[in-house]
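Input: a single structure, listed below in structure tokens.
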Amino acid sequence: MILITGATGNVGRHLVAELLTAGRKVRALSRDPATAGLPSGAEVARADEAPMDGVEAVFFNPATSWNGPGELLAKAKAHGVRRVVMLSSMSCLGEDDPANLIGQHHLEAEREIEASGLEWTFLRPGAFAANTLDWAGQIREDGVVRGPYARAHTTPMHERDIAEAAAQAFLADDLVGTKPVLSGPESLTHADQARIIGEAIGRSVRYEELSPETAREAMIGGGVPAPFVDAMLRMYASAVDTPAEVYPEFEQITGRRARTFAEWAADHAPTFS
């Protein structure tokens, strides 16, 4: 049995499906099992209960616990869980830069898991293509995405690809003790991504650059803590006119190239239309 935290999230939902297809038993955690909408083959349990009976491995999404994995790890060890696969972040490549709060949050969780004595794999994806779903309202309204640093580069990755790599960390032993860095197959600016979404929905979509100060106010107003907003803006500023590195690990793990952002946009076109 594999326990999936964050099972209704962008990655978790696809991971549940991947593991079921591979013939594995899955216990998916959700705040509200009645509305989770997960495949019928999954056992769905309450996230605040996280039952561990019969569980051999755990997928940990740190977004489900800002206090870290400590409580989950203690429970897992008490029930004989063998392996933890964590959805970490490429921002960990900055190692111990105190200004890199996103990286620090993930590194602290990684270190707790390493110290637990359990088998582990830390998947370190970069930008999620799904982050652009935040643009959907603006695109539907007038076809203009307003945000900071139009020329900042990332390698956006399809959430289905992240889930496929995560599934492999459970289905074989090759990734135990590794920290694969995952990226999409191409470096794209924010402006590129807006244009590609437009191509997918058959409308002109453009990116209108806001000043960092205006963007910061909007992001904080939307509920993102100021220290994380500042870390994100610094990251974008450093990526302006600097193509992002494309990493080979996904293809090495799965044997195929990652899906392009154009494929992701086509998959999600109804959300933007």
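The values are calculated or read from the model by the stated rules, or taken from the named source; none is laboratory data. Not measured: the values here are computed from a predicted model. Cβ coordinates were reconstructed from backbone atoms using ideal geometry, including for glycine residues, and neighbour counts include every protein chain displayed.
Odds and ends about this structure:
- Count - residues of the range 34-59 that are surrounded by fewer than 17 Cβ atoms within 10 Å (Cβ to Cβ), more than 20 Å from Phe170 (Cα to Cα) and out of contact with any helix residue (DSSP H, G or I) (no Cβ under 7 Å at 6 or more places or on another chain): 6
- Some residue of the range 239-261 being more than 19 Å from Leu182 (Cβ to Cβ), in contact (Cβ under 8 Å) with a residue 12 or more places away in the chain and among the aromatic types (Phe, Trp, Tyr): no
- For the range 93-109, a tally of residues being at pLDDT 90 or above, surrounded by fewer than 23 Cβ atoms within 10 Å (Cβ to Cβ) and either within 14 Å of Gly177 (Cα to Cα) or hydrophobic (A, V, I, L, M, F, W, C) (or both) returns 1.
- Output for the range 60-85, where each listed residue is crowded, with 20+ Cβ neighbours inside 10 Å and under 25 Å from Ser238 (Cβ atoms): Pro62
- Some residue of the range 54-73 being over 28 Å from Ala244 (Cα atoms), small (Gly, Ala, Ser), part of a loop (DSSP other than H, G, I, E, B) and more than 17 Å from the chain's Cα centre (by Cα): yes
- Of the residues Val85, Val16, the single one that is under 25 Å from Glu249 (Cβ atoms), part of a helix (DSSP H, G or I) and touching a strand residue (DSSP E or B) at 6+ places or on another chain (Cβ under 8 Å) is Val16.
- Selection within the range 209-237 - in a helix (DSSP H, G or I), loosely packed, with under 14 Cβ neighbours inside 10 Å and either touching a residue at least 40 places away in the same chain (Cβ under 8 Å) or of a type in the set (Val, Ile, Thr) (or both): Thr214, Pro227, Ala237
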